[in-house]
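Undergrad: Submitted below is the structure of interest, expressed as structure tokens.
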Amino acid sequence: MNPSDIVDIARGEPDFHTPEHIKQAAIDAIHGNFTKYTPQPGIQPLREAIATKFARENGVHVSPDDVVVSCGGKHSVEQTIRATVGPGDEVLIITPHWFAYPAQVRMAGATPVFVDADRNDAYIPDPWRIRDAITSRTRLLILNSPSNPTGAVYPEETLEAIAMLALEHHLYVLSDEVYERLVYDEARHISIASLNEDIALRTITVNSVSKTHAMTGWRIGYAALPDGLAGKVVDIQKNSTSAPCAISQRAALAALTADQSHVDVMLSAYRRRRSWLLKNLEDAPGLAWAAPRGTFYCFVCMEGWKGKRLGSVEVVDGATFADALLRGAGVRVLAATDFGAPDHIRISFAVGDDVLDEGLARMKALLS
Ligand SMILES: Cc1ncc(COP(=O)(O)O)c(C=O)c1O
């Protein structure tokens, strides 16, 4: 198939362009020769803006000194893992999970331990299962709500129970909140660090401008690091990237401090596409899913197709199912093998309405 005929509904980034006022801030930075190294933890106005944002939007109260700006949410997650665990330690990861977590845990020499969350529970983890997975070697628990790939948004009572467990067992919690603004229906994003002062002291809250402000290529993430962890992360950063890109930091400052109406514009498009996607999936045979409460993904179980032929492909798992969709319908979806869910695929609605429309129509034609 000609690559230009392929409809891509796999992408993990907004289809929107970075808003003009954010781009202008970067242009101004270049013209003002703001092009040198910056302080290692990031420029002070940005760290202050991030601390203000955490307090105002998340109920997370940190000093700007405890904020470290990095080269993306992925970088902040990785630095946090390196700062909190090492060989011999175990890290709990709720599964299905974002692919980078186990890899980063292993890169730090620690061991990932997976705790399954089920579709029947809308992929909300059961705190009892988390408790069962804790050992004397557990140091860190990674949470990601809203979750990539499942779209789960954890309710307050789940976060309360997890916070109690973390405190009881002296765990750190890494709360990856990069999709915080993308929530639907009655779902509400809650930062676990906002629940009480004790858990705030054990929680590293990670965020980024990538998804919320359509800035994936600018590579700016950030973390609130209590308990002296900011210093450890700065030590790591100063020996790796030195600091994030000066120009991108000025752009991120504009994203966080200027008018936020672009976020609502994007959100209303995602909301519309999500409804349309869920309605259209209803009569697609052999598939099962839990409606995503957040993110711009729909996580789909393809078990109904296992052992069947789809076009020229014998379907045995999500990867072969994705391959069959690509070959038979020219539709690219993401196989969730690396997300710890080999019988699943992830469909993105961070694509234009016409792309989603065409992708779904082709997919359904092949499946039926
Ligand atoms: C769950 C999750 N966390 C973190 C990131 C990192 O985003 P970035 O490094 O672009 O800020 C992603 C990106 O896909 C993600 O899905």
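Derivation of every value follows stated rules applied to the coordinates shown; laboratory data play no part. Since we're looking at a predicted model, the values are computed, not measured. No Cβ is skipped: glycine too gets one built from the backbone with ideal geometry, and neighbour counts run over all protein chains shown.
Undergrad: Check whether at least one residue in region 131-138 is among the basic types (Lys, Arg) and either over 27 Å from Ile220 (Cα atoms) or crowded, with 24+ Cβ neighbours inside 10 Å (or both), and report yes or no.
TA: Within region 131-138, the first condition is being among the basic types (Lys, Arg), and the residues that meet it are 131, 137.
From what's left, either over 27 Å from Ile220 (Cα atoms) or crowded, with 24+ Cβ neighbours inside 10 Å (or both): 131, 137.
For region 131-138, residues among the basic types (Lys, Arg) and either over 27 Å from Ile220 (Cα atoms) or crowded, with 24+ Cβ neighbours inside 10 Å (or both): present.
Undergrad: Is it the case that Ala29 is within 23 Å of the chain's Cα centre (by Cα) and away from the ligand (no atom under 16 Å from the Cβ)? Please lay out each step first, then the result.
TA: Numbers: within 23 Å of the chain's Cα centre (by Cα): no; away from the ligand (no atom under 16 Å from the Cβ): yes.
Taking the combined requirement at face value, the residue does not satisfy it.
Undergrad: Oh, and also: Among the residues of region 176-221, write down those that are under 13 Å from the mean Cα position of the chain (by Cα), under 13 Å from Ala255 (Cβ atoms) and not in a loop (DSSP other than H, G, I, E, B).
TA: Selection gives Asn207, Ser208, Thr216, Gly221.
Undergrad: Here's something else I'd like to know. Let me spell it out: the conditions are (1) surrounded by fewer than 22 Cβ atoms within 10 Å (Cβ to Cβ); (2) within 16 Å of the ligand (Cβ to nearest atom); (3) under 17 Å from Phe99 (Cα atoms), and Arg181 meets all of them except one. Which number is the exception?
TA: Going through the list (1) surrounded by fewer than 22 Cβ atoms within 10 Å (Cβ to Cβ); (2) within 16 Å of the ligand (Cβ to nearest atom); (3) under 17 Å from Phe99 (Cα atoms), Arg181 breaks only (3).
Undergrad: Here's a follow-up. Quick check: is even one residue across region 217-230 acidic (Asp, Glu) and on the phi > 0 side of the Ramachandran plot?
TA: Yes.
Undergrad: Residue check, Val69 against (1) part of a helix (DSSP H, G or I); (2) within 16 Å of the ligand (Cβ to nearest atom), all met but one. Which one?
TA: All conditions are met except number (1).
Undergrad: Still on this structure: Any idea how many residues of region 199-255 are under 30 Å from Gln24 (Cβ atoms) and basic (Lys, Arg)?
TA: Here the count works out to 3.
Undergrad: Any residue in region 6-31 that is closer than 30 Å to Asp354 by Cβ sitting within a Cβ distance under 6 Å of a residue that is outside any helix (DSSP H, G or I) and among the basic types (Lys, Arg)? List the pairs, counting only those 6 or more apart or interchain.
TA: Ile6/Arg332; Asp8/Arg332; Ala10/Arg332
Undergrad: Being without any contact (Cβ under 8 Å) to a residue 60 or more places away in the chain, surrounded by 13 or more Cβ atoms within 10 Å (Cβ to Cβ) and more than 16 Å from the ligand (Cβ to nearest atom) is the requirement here; does Glu78 meet it?
TA: On the way: without any contact (Cβ under 8 Å) to a residue 60 or more places away in the chain: yes; surrounded by 13 or more Cβ atoms within 10 Å (Cβ to Cβ): yes; more than 16 Å from the ligand (Cβ to nearest atom): no.
In short, no.
Undergrad: Another question, then. Exactly one of (1) part of a strand (DSSP E or B); (2) surrounded by fewer than 21 Cβ atoms within 10 Å (Cβ to Cβ); (3) not hydroxyl-bearing (Ser, Thr, Tyr) is unmet by Ile93. Its number?
TA: (2)
Undergrad: Of the conditions (1) in a helix (DSSP H, G or I); (2) closer than 14 Å to Pro226 by Cα; (3) among the hydrophobic types (A, V, I, L, M, F, W, C); (4) under 21 Å from the mean Cα position of the chain (by Cα), Val173 clears all except one; give me its number.
TA: (1)
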